[in-house]
1. Somewhere in the stretch B:181-191, is a residue surrounded by fewer than 21 Cβ atoms within 10 Å (Cβ to Cβ), in contact (Cβ under 8 Å) with a residue 40 or more places away in the chain and of a type in the set (S, T, N, Q)?
2. Can you tell me which residues in the stretch B:304-317 are open to solvent by less than 50 Å² (accessible area, probe 1.4 Å) and part of a loop (DSSP other than H, G, I, E, B)?
3. Considering only residues of the stretch A:18-30 that are over 12 Å from the mean Cα position of the chain (by Cα) and more than 7 Å from chain B (Cβ to nearest Cβ), which is nearest to B:S537 (Cα to Cα)?
4. Could you list, in sequence order, all residues of the stretch B:321-359 that are out of contact with any helix residue (DSSP H, G or I) (no Cβ under 7 Å at 6 or more places or on another chain) and either β-branched (V, I, T) or closer than 21 Å to B:H56 by Cβ (or both)?
5. What is the residue count in the stretch B:707-735 for residues that are within 19 Å of the chain's Cα centre (by Cα) and within 15 Å of ligand 3 (Cβ to nearest atom)?
6. Being more than 7 Å from chain B (Cβ to nearest Cβ) and in contact with a His (Cβ under 7 Å, 6 or more places away or on another chain) is the filter here; which residues of the stretch A:63-106 pass it?
7. With respect to B:L701, determine if the residue is within 16 Å of ligand 3 (Cβ to nearest atom) and away from chain A (no Cβ under 14 Å).
8. Would you check if there is a residue in the stretch B:239-252 being open to solvent by 40 Å² or more (accessible area, probe 1.4 Å), at pLDDT below 90 and out of contact with any Leu (no Cβ under 7 Å at 6 or more places or on another chain)?
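The values are calculated or read from the model by the stated rules, or taken from the named source; none is laboratory data. Everything numeric here is computed off the predicted structure, so don't read it as measured data. All Cβ positions, glycine included, derive from the backbone under ideal geometry; neighbour counts span all protein chains shown. Only protein heavy atoms, including side chains, enter the accessible area calculation; ligands, DNA and RNA are left aside. Shrake-Rupley method; radii C 1.70, N 1.55, O 1.52, S 1.80 Å.
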Amino acid sequence: MTAVDTRTATSGVRVAALAEIPPGEGRAYVVPSGAGEVQVAVFHHRDGRVSAVDAVCPHSGGPLADGQIDSCVVVCPLHLNTWDLRTGESTSGQARVRVHGVSVDDDGGVRVTPA
Amino acid sequence: MKKEQGSTKRLVLVGNGMAGARLLEELLERGAGDLFQITVFGDEPYGNYNRIMLSHVLAGEDGEESIYLNELGWYAENGIELRAGVRVDDVDLPAREVVDADGGRTPYDVLVIATGSSPHFPPMDGLRREDGSLLPGVSGFRSLDETRAMLEEARRYGTGTTPAKAVVIGGGLLGLEAAKGLQNHGLDVTVIHSPAHLMNQQLDADAGAVLRRSIEEAGISVVTGARTTGLTACTEQSGSGRVSGVVLKDGRSFPADMVVVTAGIRPNTDVGLRAGLVVERGVVVDDQMRCVDQPETPAGPGQVYALGECAQHRGETYGLVAPLWEQATVLADVLTGADPDAAYHGSRTSTKLKVAGVDVAAIGQAGPEHPDDEHVVFSDVRRGLYQSVVVRDGRLVGATLLGDTRKTAALQQVFDRGLPLPEQRVELLFDLGATAEGSVEDLADDAQVCNCNGVTKGDICGAVASGCSSVKGVMDATRAGKGCGSCKEVVSTIVEHAVAAGGGALTEDPSVHWYVPGVPLRKDELVAAIREQHLTSVSSVFAALAPGGAEDAKSKMGLTSLLRTLWPTEFVDERDARFINDRVHANIQRDGTFSVVPQMKGGVTTPDQLRRIADVADKYGVGMLKVTGGQRIDMLGVRKEDLPKVWEDLDMPSGYAYGKSMRTVKTCVGTDYCRFGLGDSTALGIALEERFQGIETPAKLKLGVVGCPRNCAEAYVKDVGVVAIGGGKWEVYVGGAAGASVRKADLLATVDSPEAVIQLTGRFIQFYRTWGNWLERTYDFVPRLSIERVRLVLVEDSDGMCAQLDEEVDAACAAYRDPWKEREAPDAPGRFSAPALPLLPLPVVPRRPMGAPGGTPREQLPVEIVMPNEEALVSGAMAGAQQ
Ligand SMILES: Cc1cc2nc3c(=O)[nH]c(=O)nc-3n(C[C@H](O)[C@H](O)[C@H](O)COP(=O)(O)OP(=O)(O)OC[C@H]3O[C@@H](n4cnc5c(N)ncnc54)[C@H](O)[C@@H]3O)c2cc1C
Ligand code: HEM
Ligand code: SF4
Ligand code: FES
């Protein structure tokens, strides 16, 4: 993933250690933001990169963090709609999801900056 | 077992035929043994037998002993006094007594008349002798005695050097059965029928003509439109005055050594008439089967009822058994007070029979009766096929099927429920490949084509307009056809039309042949490459075989399944390549919670298991406890975090209700308890489930074992179905389905032992694992290869691969490990503890009402469902998953 996160490695909220997210999987976290709290699904790609989008599937509320991913898309486990993790656009005709800033800091911590 | 007088009422039943006996059974079922002291008068000197079976007895297919429903002992056991062989002559209504032929009087409180019918003998010269008895050699076809006598004569005459001749007068259902029966014994049979075509009660002229041809092809001569007016007899010296032939009105005559008269039946109403009840064609009854206008008696209103063929209800008398069953139920409800308001509303008669070897089904009216009736007919005389439907005002009012009656059930349902009909009426009779073809153009744009995913025709056309030119492309873009798959054909047709309408050409996406979309290889090519390069993990397959080494989310699940099959022990398990269900060994539900289905081998459980399930359900606030279609118990609404604890407390193995794997083996009661059981289906089912538990397959696999062909556990519609047929033999069926598609399985082989069943099943499973495409159910796999081919390979070992298959399936079974044991050591941090959702309180999923069964309140609020669509859920995540 070409840099979803352009901020410095120390910005954002630390949600977990990268080692807690097995490669190729996702986990969901609650992240405080200006507008209250947001639920964010963070994915750990097999090539070591991370991405983050809204955790709630816009189609019917499915848990996107439990979906399967590859280097570009996430597949919702409930009805198998797909979203591009870089842009948040659906590749199966659903509403888009927000893409959140995410990076890994020097201590191996995953940091999320809500969009 | 005689009951005390006074505490019970006296019920007297006149007539011990099919209706009477059924009434007794229905009464006993409702506890009437304690309410009534029952006396039964039966003219025939037997217990009760199945009259329908007389056709088989005459044909020599069944012995007399096999047709008894209730033998004499049954009556005694149930405290019923049976006066077998005693005819009732009269009823003294005011005195409430029946008078029998011996002059005995029997008092009653409740009287039921079920005297049935007798054969009708049309007036014919020479039919009777001076004393009024029938000419020797002439018989009706109604009772066991008549059948016995005919059978004896037929056997005697049928063995002569020149075939003896029999004439059957009347070409209805009974006549044709009699003809076939006599022919079986070697007689040369002619049916003489006075209406213009055979079975004119049920069939129209065209159908009758087709039937006639089939009957004639079977070697029976048919004469129609011909009335028999006289019988001739041999002289007393030469043949003891037996019948010698028949004479028709037009002067023709036919020689006959035997004559059977089946020219209709007449209700036996003499008892009713003598009693002074209202009698028209039959004894007239109301909706509660009570005889109408009964004289008041000193003891109150009349308590006389009638049912069966002797009764006339709303102007109808019946000549088949189905209506009698309904009448017996109603009357038993009324008499016992089980349902005092029970009412009989008449029966729509329909017939599904094998007449003289020909399948015939007749529903409702035989042909058009009004000028506006639509009549759709298909007829193929040479092949003995005739099928027709009659439609009035958009409703099916009649159907006739001859030669091929497979559509009967479907048509019966449409007829009974008045279901809407397809625009193309002919679709009622045939599943045309062109079903979609004919009608897609008529579909409105907003007509929903894929119900699983809510895709309309407009959506499909839209996808074509925006550039998709292949069926696969449109399915990917719209997800049409990706649920249960039953609409695929319609979707293809719509795409074809839309592409053609746009002036384009339909393209085939080469990926339809690939095993998974992300690796451009067919299954056989893929397997070869994986073996050759020794690829044991999903990521290594992508790296070696996918274009640019790119991984593909939608291919992961299929690859996981394949690698597991190819490398039972060496497989490198990468959890991200598993679908969520297989990561956490439970089935994800629409609110993000999971369902837990413990193994319950063969659907057999114990009080201890049930207690544990109950305790767990209480402890973890299980939203709904449900008995599944697979004979076990589903605990729905379990939070991911709770899964390991739930398994621990249950301490039962996983039932694999979530995987693309062997799910469950349904069994019937089998020999231990069932009085029909021919094989121990339960034990075999348990053995099968134990052996093949959890084994991965290209798509889910459901098994069934039944103890006899009554098929209580639906083995004929399973991926593998096993049926005991007696003598230690078992039939093994494969490729059945009863989900979105319904298909009767094909018989693979009949084997001699449970061990052989297990071996053949294993061989089939491994064969399917090796050659089945990802998500290809056996009901597509078996027809794709053809059952003949599957049989050659697996039973005859034509390709010499049986030994290898047996070995491979052994290895796969040996690699089984209960996934729920992972609770002790999850593969990754947060595997269960990290909830995916809900993290914030969100509006609640509509729950089953509080207080409803299973509606346990839960404090935890799951997420809101934006667009509830259970259908899509059911099919989306599993069947169409990750194509
Ligand atoms: C050969 C054959 C094949 C058939 N095949 C089919 C079929 O395939 N499908 C189908 O639906 N139907 C079939 N039927 C019709 C079916 O058998 C009848 O509809 C059914 O038997 C009617 O039941 P019932 O009790 O009204 O009359 P019955 O079964 O005739 O019973 C009446 C009984 O009352 C007795 N009785 C009469 N008067 C008196 C009296 N005064 N005192 C004492 N007892 C008396 C009679 O002896 C008889 O035993 C067939 C009939 C026959 C004969
Ligand atoms: C997410 C999708 C699905 C879920 C959650 C689901 C759930 C279940 C469960 C729990 C059972 C009980 C089986 C058992 O005890 O193992 C079952 C049975 C069944 N399912 Fe599904 N199912 C899904 C998809 C489908 C699909 C797509 C079809 C049809 C194409 C289907 C057809 C059936 C049938 C016919 C049975 C009855 C099996 C039997 O009687 O043996 N299911 N389903
Ligand atoms: S299938 Fe046969 S053996 Fe099994 S329960 Fe049903 S009737 Fe009994
Ligand atoms: S809820 Fe995610 S695809 Fe339906």
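1. yes
2. Applying the first criterion (open to solvent by less than 50 Å² (accessible area, probe 1.4 Å)) to the stretch B:304-317 yields B:304-313, B:315, B:317.
Correct list: B:L307, B:G308, B:E309, B:C310, B:G315, B:T317.
3. Here the answer is A:A19.
4. If the condition is that a residue be out of contact with any helix residue (DSSP H, G or I) (no Cβ under 7 Å at 6 or more places or on another chain) and either β-branched (V, I, T) or closer than 21 Å to B:H56 by Cβ (or both), then B:A322, B:V330, B:V334, B:T351, B:K354, B:D359 are the ones that fit.
5. 19
6. A:C76, A:N81, A:Q94
7. Numbers: within 16 Å of ligand 3 (Cβ to nearest atom): no; away from chain A (no Cβ under 14 Å): yes.
Criteria not met by B:L701.
8. yes
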